[in-house]
1. Kindly provide the GluC sites (Glu not before Pro) of the range A:239-315 that DSSP labels as loop, not H, G, I, E or B, and whose Cβ sees at most 13 other Cβ atoms within 10 Å.
2. Once you've got the GNM for chain A with C-alpha springs shorter than 10 Å, pick whichever of A:Ile27, A:Ile150, A:Ile203 has the biggest mean-square fluctuation.
3. Can you check how the C-alpha radius of gyration of the range A:180-388 compares to 2.2 N^0.38 Å, as a plain ratio?
4. Over all alpha-carbon pairs in the range B:149-245, figure out the percentage whose distance exceeds 24 Å.
5. Can you give the helix-only mean residue ellipticity at 222 nm for chain B, where every DSSP H stretch with n ≥ 4 adds -39500 (n - 2.57) and the sum goes over all residues, rounded to the nearest 500 deg cm²/dmol?
6. Between A:Val70, A:Ile372, A:Leu184, whose Cα lies farthest towards the positive end of the dipole of chain A when Lys and Arg beta carbons carry +1 and Asp and Glu beta carbons carry -1, centred on the Cα centre?
7. Whole angstrom only: what separates the Cα centroid of the range A:1-80 from the Cα centroid of the range B:27-87?
8. Could you pull out every one of the lysines with an alpha carbon less than 23 Å from that of B:Lys377, ignoring same-chain neighbours closer than 8 positions?
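Just so you know, all these numbers are worked out from the coordinates, no wet-lab data involved. Remember, predicted model here, so these are calculated numbers, not experimental data. Note: ideal-geometry Cβ built from the backbone for every residue, glycine included; neighbour counts use all protein chains shown.
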Amino acid sequence: MKEVILIKYGEMALKGLNRSTFEALLIKNLKKALKPIGEIEITRSQSTIFIEPQSDEFDFNRALEKVKKVFGIAAFSRACVANKNIQDILKKAEAYLAERLKEIKTFKVEAKRSDKKFPLTSPQISAQLGGYLLKRFPHLKVDVHNPDEIVTVEVRDFGAYIRAGQLAGAGGMPVGSGGRAAVLISGGIDSPVAAWMMAKRGIELCAVHFASPPYTSERAEIKVRQLLEKVAEYSGEIKLAVVPFTEIQEEIGKKCPEEYFTLIMRRFMMMISERIAKDNGCLALITGESVGQVASQTIQALAVTDAATEMPVFRPLIGMDKEEIVEISRKIDTFEISIQPYDDCCTVFTPRHPKTKPQLEQIIKAEQALDIETLIDNAIKGTRYSIIE
Amino acid sequence: MVCLVRKLVYLDNSATTKPCETAVERINNALRENWGNPSSLHGLGIKAEQEMNRARQAVADLLSCRTDEIFFTSGGTEANNIAIMGAVNARRRRGKRIVTTSIEHSSTLETIVTLEKQGFNVVYLKPDRSGVVAKEDIDKAITSDTILVSIMLVNNETGAIQPVKAAAEAISRISAPAMLHCDAVQAFGKMNLNPSRMGIDLMTFSAHKFHGPKGIGGLYKSKNVKIAPLTYGGGQERGLRSGTEATPLIAGMLGAIEELPDCDKQLEIVRKLRDYAIERLKEIEGISFNSPPDALPYIINISVDGKKSETMMHFLESRNIYVSSGSACAKGKGSHVLRSMGLSDARVDSALRISFSKNNDYEDVDIFIDALKEGIKTLRSFK
């Protein structure tokens, strides 16, 4: 029996003239995601994408796992293909759905007919298939309001597709449709979630990580790579920049008031990330900040951090509670990696009494003790790039 | 000419040691030539079995015991598990009490915590500030319903030697039904060990702590006690540890034992090296010593005032010097050993463990001390 994966897209279908660009991008992303599973052919028609495996060996379960992580999909399902005559539809439905129908008690049939030349109307198809299945599986009952399973038949241009239920897709927009942005990633719980959320909106990701050996460990960098690998399952490949940050931290520690340490450090991170972002065609920065989580994330502190860059800074977690962030991190499988104890990036430098209501003028004055240009140039020069897939 | 390659200074020998040449050769030979299954009846099997017997004899010689009292396992963790679970299962009808210390290796502590959850009463004896558990505390803790006493011989973080003999004496004085288990992983090959004279029923050792390969170790089990296995199968290791024997690793362990120096002489050499290191450490302001003076000299545990362990460790690493921040098994977590000695958070968070082997010399100590001084000068302090 021939099987396919049917993919329905969500809000993309609402796009007007750009729609085919979005569709093309989604197909490209699907092809990339499914490449390791096996050869496929992808076609689209009438707001649906059809994935047809080219070999019997094709592992559907693994393929569905991959599809689940592609943004821009509202729902997807595995379906069996029948010829466009009612006899074949009835036979194939019986065989294809037998296992599932044996497990349940109630069902209903929904038919959709986009090929209006098909001799039966949608209600007629439903009635015939429903009646046939009732006869073949006598334990079943029809329940149109609250069925255990919905059996769907779609009669389309090139065939009839039969499936039981469908799975929710990852939602969002196809990655690449929203341009590129650079995420500042530390190794904690928040930044990978922020990266994931923006990728969901179609943004292609670059990542910037600040390493301060010997204050941070090589393991912290390995951890960041592991986190990005998880995010990349959704976002596609991510270009990672690892920036040497020790010199800057030591300089700030030596020359600036302790209470401003974290803020000045974060401003440096913004300035450097902006340079890296521009070099890599990114139009915005992404951070995992949320209001009030720590001293450097008060409104005043965020304003001071923002003032260091002209780029828009996206903070998708800004209004979220820690538990909500943790819930997403568990869903995308980054939580267990994030809680490994290697991050404590800058605990050595953390001030005892950080300023929670800083004023920009004072910070800028404090920064005058530093040779900002040279420090940033050095950091950029020492930056190492790699691709996370 | 400037020498660009810094000498590797490896001072983390309590985590693991570099396998010696003889061990590597023996492993190689076992994989390339002598790869038979020791249980096979044919000649290839017999040859493999003979090599294994030589290894067993070598271990038995070191412990002055019989070869049928030595059981090979995958290492210290498995041996500790077999010993503890085995002893408790064997004696569970005779009592519910287990006595151990709060400074054991996690493979002992976690096993005992599991038993505690199953309803056994566990006493965790705390050490004093020098890292040693008091004899009197051991004496008092062992009662007539105690079925297992598990005390390590040498603590892996501080080198502090524990009065295991006191436990043996207490058990025999009141005729407690307890088996005495001793994790001797850090002592094996470094101290003269005679478990039967020490009154120890079960003793754990691990090859990679004395220049053998990882993945092999074992348990001494006195012929006078019986314990049941945790895993079942082909009945290898006289039924206590089924599964085809890891002959290459066992051969590697044999190689390591063959290369072990006389342990008393080596102890004196390392003691002098340790004393030299301590003398030089005393030159530096802000160093405090967490190991007691009478610790096994292979380990020195210090705290460096204001410098976070991990930061200092990574700094030293950048100079090709390797030490440890606490034990390697507790990556990142603050040491439970130093904590239960009652040291302050600041002391625990700034602890470094320097551990020697026969491969270290005075130059290593000098290079380490110079780098440590540099680190103290350049690294930012934590508050």
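1. In loop regions of the range A:239-315 (DSSP not H, G, I, E or B), the sparsely surrounded GluC sites (Glu not before Pro) are A:Glu310.
2. Of the options given, A:Ile150 has the highest mean-square fluctuation.
3. Ratio of Rg to 2.2 N^0.38 Å for the range A:180-388: 0.95.
4. Values: 1319 of 4656 pairs.
In whole percent, the share of Cα-Cα pairs in the range B:149-245 beyond 24 Å is 28.
5. Numbers: 13 runs with 151 residues, N = 383.
The helix contribution divided over chain B gives -12000 deg cm²/dmol.
6. A:Val70
7. 56
8. Excluding near neighbours in sequence, the set is A:Lys254, A:Lys255, B:Lys7, B:Lys282, B:Lys307, B:Lys308.
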